[in-house]
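Trainee: What follows is a single structure, and I will ask about it in a moment.
The values are calculated or read from the model by the stated rules, or taken from the named source; none is laboratory data. The shown structure was predicted, so the numbers you read here are calculated from the model rather than taken from an experiment. Here the Cβ positions follow ideal geometry from the backbone for every residue, glycine too, while neighbour counts run over all protein chains shown. Only protein heavy atoms, including side chains, enter the accessible area calculation; ligands, DNA and RNA are left aside. Shrake-Rupley method; radii C 1.70, N 1.55, O 1.52, S 1.80 Å.
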Amino acid sequence: MTFRVPGLRAKLQSLTSPIYRGGLFRKYITLFVITICVALILNGVFGIWLFYNEQRQSIIRIQSSQVQSAAEKIAQFANGIEVELDWTINLPWSPDMLDDLRFDAQRLFRQVPAITELIQLDSTGREQLRLSRTAMDTVGSQKDFSDDPLFIAALTDKVHYGPVYYREESEPFMILAMAGRRRDAGVLLAEINLKPIWNIVSQLDARQHGQAYVVDAQGRLIAHRDISLVLRKTDFSHLAQVKLARGDAYAAMPQVAEGEDIQSRPVLAAYARIEPLRWLAFVELPKSEAYAPLYRSLFLSLIPLAAGFLVAVISGLLLTLRMIDPIEKLRASAIRIGGGDLNHRISIKTRDGIVGRGVQQHGRTTPGIVFNA
Amino acid sequence: MPITGIAFFRRLHELGWEEGRTVAIEYRWAEGRNERIAEIAAEFVRLDVKVIVTTGDAVLAIKQVTTVIPIVFQIATDPVGMGLVASLARPGGNVTGLSIQSIDLAGKRLEFLRHVLPDLRRLAIMGNVGYPASVEEMGQAQAAARTLGVEVAMAEIRRAEDIVPAFEALRGRADALYVCSDTVTNNNRVQIATLALAAHLPTTSGHQIYVTAGCLMSYGANVLDMYRRAAELVDKILRGVKPAAIPVEQPTTFDLVLNLITAKKLGITVPRMLLARANEVIE
């Protein structure tokens with residue numbers, strides 16, 4: 001459809017005429033612009049909503065798989081130590097196996113750098129052998145561990161992970177207690193340095209923008225890319241996502257929560273429980289980063305909206321001008337006919353069906369008017 | 001450059017700090033003299049350096065000159081006790097680094113030595129008595145020997161020229177040698193290893209560079225790891241992190257290193273148990 005606008009300037013000047021100043025023109029153009037813009041906005045909003053959901057789902061998917069992989073790797077770290085310890089504790093404890101045990105322990109120290117100390121307790125909970133990475137070995141101290149919660153828990157659960165503690169108020173450690181398959185094998189206590197978990201978390205971080213970290217059952221930080229936070233014994237238990245995760249019975253499967261990181265930035269946090277340690281792994285992404293593609297696409301969708309608005313205004317203006325012209329002529333003729341000049345000839349050049357028809361209908365009731373529409 | 005320095009600079013390079021291009025490095029050598037340390041520190045303040053890297057024993061002297069320029073110590077025996085930092089977790093001032101605090105390995109070294117020499121009766125302990133950390137280690141080794149019922153002969157030195165007379169004085173008084181590492185002994189480790197072999201003294205220490213020089217064995221924190229880690233702390237500081245916010249770290253890896261060539265020369269059989277434990281074996 002093409003618009004021919006002869007004498008546009010004159011027409012624009014005539015916009016000051018009563019009909020243009022009146023409500024019809026304004027109503028017509030407003031309606032036109034609103035119709036087009038509503039369509040554009042609805043389309044834009046729907047598109048953004050779809051994209052937002054898609055983006056959110058994809059972030060959740062990625063974070064969930066990352067947190068699951070982190071949880072599995074840390075569980076593997078613990079499991080690896082369990083496996084190594086298992087074969088040193090499969091025989092009943094007796095003094096004549098001291099040398100065998102010592103030999104196994106040397107191998108264990110070599111194999112698992114995270115183990116810092118090993119204590120062999122007999123079935124009554126008396127210390128028979130203490131081997132350390134840093135101190136001299138002690139044989140047969142008979143120190144009583146029978147009331148120690150670790151010894152008791154190991155006898156009932158076979159494998160028990162003790163609480164995390166911080167040496168010199170800084171480096172995180174934990175004791176793994178393992179009972180032999182037979183009760184007379186006693187219990188082996190292994191002190192484990194948790195700093196190596198830092199490597200697992202850092203490797204995970206290298207492949208993503210977000211932050212991975214691990215907290216213990218109390219919500220205290222055990223591993224984080226920024227090891228300084230760990231060595232300062234940072235408490236994460238006040239974070240909303242940590243609170244939520246600690247209370248979540250189904251956290252064995254990765255879940256996603258919204259919260260704030262320790263710098264109080266809003267984040268999307270995926271978490272998963274690390275069994276059997278009862279720790280929690282988190283992968284956190286600041287919302288600003290997570291939704292950056294969304295904001296970009298939001299901004300981009302504003303461009304067609306603005307362009308659409310402009311086109312709507314211009315085409316509305318032109319259409320209205322074309323429509324107002326015949327109406328204006330009709331109005332002038334009507335005044336002349338009303339004044340008694342029945343030979344007056346109305347000349348309207350238009351291909352617009354509506355105006356043409358309207359004029360024809362008008363002509364039918366007013367003989368003497370000649371149309372050339 | 002010592003091997004520790006190479007480890008440090010290599011890690012720094014890996015982190016994007018290339019000397020002459022992204023970072024300028026000023027090297028100074030204090031020759032083990034405290035007044036020289038203060039002079040160097042004053043010069044560094046004039047140069048307005050961004051960070052000073054040193055070992056633990058020089059930190060106090062530097063701290064007296066500046067409380068603003070960050071100081072990283074690559075290794076310190078007792079940073080809290082010496083007053084270098086307020087605590088390991090929160091150093092507080094302008095100093096941070098790596099600590100071997102509360103890790104007394106002298107007993108462990110003697111224990112390993114006894115696996116090789118079950119009949120060990122007399123032990124010689126050599127160290128620089130002008131260096132406080134060595135004096136402390138000599139005391140620890142002496143205490144450990146007493147626990148094991150081993151007699152001790154002290155070989156006190158202060159400079160390189162004291163080493164030969166010290167070995168002469170030990171003749172016939174010891175079955176093995178424990179060397180406390182410091183700059184003087186480190187720099188003369190080849191001479192120490194040669195003299196020890198000639199005197200038929202199996203030698204242990206805390207530093208694997210002695211084993212590569214020909215001593216029998218060493219057990220200690222992986223010092224190269226610590227120097228690499230120190231480079232990472234320097235990287236953090238150059239990128240704007242305040243030293244007060246960087247906790248002092250402790251080593252996590254301890255290596256047993258054996259020299260089987262030396263064992264053979266000494267006519268010693270290294271037991272299976274030690275071979276199973278060794279992180280590195282020189283054959």
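Trainee: If one computes the Cα centroid of region B:209-282 and of region B:1-43, what distance in Å separates the two points?
Mentor: If we compute the Cα centre of each part, the gap is 21 Å.
Trainee: What percentage of the solvent-accessible surface of region A:74-195, computed with a 1.4 Å probe over protein heavy atoms, is contributed by carbon and sulfur atoms?
Mentor: Solvent-exposed carbon and sulfur of region A:74-195 make up 52 percent of the total.
Trainee: Please compare each pair in A:LYS195/A:LYS243; A:LYS233/B:LYS50; A:LYS195/A:LYS233; B:LYS50/B:LYS236; A:LYS287/B:LYS236 to a cut-off of 18 Å on the Cα-Cα distance and tell me which ones are over it.
Mentor: As for pairs spanning more than 18 Å Cα to Cα, those are A:LYS195/A:LYS243; A:LYS233/B:LYS50; A:LYS287/B:LYS236.
Trainee: Of the heavy-atom accessible surface of chain B (probe 1.4 angstrom), what whole percent is carbon and sulfur?
Mentor: 51 percent
Trainee: Let me ask something additional. Would you calculate, for chain B, the mean residue ellipticity at 222 nm contributed by helices, counting each DSSP H stretch of 4 or more residues as -39,500 (n - 2.57) and dividing by all residues, to the nearest 500?
Mentor: So the helix-based figure for chain B works out to -12000 deg cm²/dmol.
Trainee: Send over a whole-number figure in Å² for the accessible area per residue of region A:109-176, probe 1.4 Å.
Mentor: That works out to 42 Å² for each residue.
Trainee: Here is a follow-up. For region A:197-292, what is the charge dipole size about the Cα centre, in debye to the nearest 20, if Lys and Arg each add +1 at the Cβ and Asp and Glu each add -1 at the Cβ?
Mentor: It comes to approximately 180 debye.
Trainee: Considering the dipole of the protein assembly as shown built from charges on the beta carbon (Lys and Arg +1, Asp and Glu -1) around the Cα centre, which of A:ALA290, A:ALA251, B:VAL184 is farthest to its positive end?
Mentor: Of the listed residues, the answer is A:ALA290.
Trainee: Run the reach check for B:LYS264 against lysines, Cα to Cα strictly under 25 Å, same-chain hits fewer than 8 apart removed. What comes back?
Mentor: The reachable lysines, counting only those whose Cα sits under 25 Å from B:LYS264, are B:LYS108.
Trainee: Across the Cα atoms of region A:197-292, what radius of gyration and what greatest pairwise Cα-Cα distance (Dmax) are found, in Å?
Mentor: Radius of gyration, then largest Cα-Cα span, for region A:197-292: 12.2, 37 Å.
Trainee: Dividing the convex hull volume of the alpha carbon atoms of region A:74-195 by its residue count, what do you get in Å³ per residue?
Mentor: 103 Å³
Trainee: Same structure, new question: For chain B, count all C-alpha to C-alpha pairs, find those more than 28 Å apart, and express that count as a whole percent of the total.
Mentor: Summing the P(r) tail past 28 Å for chain B gives 39 percent.
Trainee: If you average the C-alpha positions of region A:76-117 and of region B:49-64 separately, how far apart do those two centres end up, in angstrom?
Mentor: Computed from Cα coordinates, the inter-centre distance equals 42 Å.
Trainee: Against the empirical 2.2 N^0.38 Å scaling, what ratio does the C-alpha Rg of region A:26-91 come to?
Mentor: 2.60
Trainee: Can you find, among B:THR147, B:GLY93, B:LEU117, the residue sitting farthest towards the positive end of the charge dipole of region B:78-149, where Lys and Arg contribute +1 and Asp and Glu -1 at Cβ?
Mentor: B:LEU117
Trainee: Here is a follow-up. Rounded to the nearest 100 Å², what's the accessible area chains B and A bury against each other, both chains counted, probe 1.4 Å?
Mentor: 2500 Å²
Trainee: Something else about it: Percent of Cα-Cα pairs more than 42 Å apart in the protein assembly as shown, please.
Mentor: In whole percent, the share of Cα-Cα pairs in the protein assembly as shown beyond 42 Å is 48.
Trainee: Now, a different point. Taking a cut-off of 19 Å between Cα atoms, list the aspartates and glutamates near B:LYS265, but don't count ones fewer than 8 places away on the same chain.
Mentor: Those aspartates and glutamates meeting the cut-off are B:ASP119, B:ASP175, B:GLU280, B:GLU283.
Trainee: For B:ILE125, list long-range residues whose amide hydrogen, built 1.01 Å from N in the peptide plane, is under 5 Å from its own amide hydrogen.
Mentor: It is B:ALA153, B:MET154, B:ALA155, B:TYR178, by chain and number.
Trainee: Name the long-range amide H neighbours of B:VAL23: under 5 Å, sequence gap of 5 or more, or other chain; modelled H, no Pro or chain starts.
Mentor: Close amide H contacts, sequence-distant or interchain: B:GLU18.
Trainee: Another question, then. Mind checking the per residue accessible area of region A:197-292 for me, 1.4 Å probe, whole number of Å²?
Mentor: Result: 42 Å² per residue.
Trainee: So, counting K/R as plus one and D/E as minus one, what does the shell of residues with Cβ under 9 Å around B:PHE254 add up to?
Mentor: +1
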